[in-house]
Amino acid sequence: MALPQAARATRFEEEKPGSASASRSVVLRGRASWYGREHQGHRTSNGERFDRFKYTCAHKTLPFGTKLRVTNPSNGKSVVVRVSDRGPFRHQRILDLSEVAARPLDIVRRGAVSVVAEVVPSTTPLGPTEAPDDLAALASDSVATIKAGVVALTDIVAGETEAADVVVVPAPAPSFVVQAGTFGDPRNAQSLQTKIQALDQNLTVTIAESSQNGKPFNRVIVGQFADKAEAEAVKLRLKQLGVVGMVRQAENL
């Protein structure tokens, strides 16, 4: 399914029984990937420890604790996850799922797949669930007929925007990271990740996996900063601690 650079959020009206008013839901469409063993036990952006066996996910802007029903339209499998982390660091993707959540969606085998993600009530149980009855419509651009200006996704979730059929969520503003090292062997990347976290527990350190010409690359990524000067300051602090890195734009990793 071809997708624009910006993830699209579609709002649908749903009549409440016995009421003329309507509630609004948010639907995101885009690519989703996963993270697992290499992040086990590390702190996520909300401060908790990552557990690959819990149904959690990373999203760039949704409030921590937001629950999403994520569905792979290709196999009809769905899971409900909770936002506990920030990311993904690659702009082509809208979500990173924990390993246990990614497996039924076939993301672990394929690396990344196109998904439909709906914001669901906070009382919704986490874990495998039934796919939405209107999955074909949710996954299709045919439901998006009226473009209604650009607003913040967090405002949509909070219900702070006026009624609209479609809200296009723009690609996030450029952000910056410190690339502390690149390794073919993931064990070396994990060793540097552990070293940096031991030097400064306040820094968020992740490993971005990729490949080129069939060769794996494991990049050790520190932070995600809205301001390049802030990233440069962290780079300097790491250099003083013996770790030489470089500042890069997160979307270009």
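No value in this document is a laboratory result; all are computed from the given coordinates. Predicted model, so just to flag it, every value in this text is computed and none were measured. Note that each Cβ is placed from the backbone with ideal geometry, even for glycine, and that neighbours are counted across all protein chains shown.
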Problem set entry | Rough spin-label spacing in nm, given labels placed 7 Å along Cα→Cβ, for Ala137 and Lys228 | 4.6
Problem set entry | Residue-span extension gain [Thr129 to Phe53] - 0.36 nm each, minus C-alpha spacing | 25.7 nm
For this session: Going by C-beta contacts inside 10 Å, put Lys60, Lys215 in order with the fewest on the left.
Result: Lys215, Lys60
For this session: Please list 77-89, 186-198 highest first by mean number of surrounding beta-carbon atoms within 10 Å per residue.
Result: 77-89, 186-198
Seminar exercise, completed: Whole-number value, in Å³ per residue, for the convex hull of the alpha carbons of segment 176-252 is 76
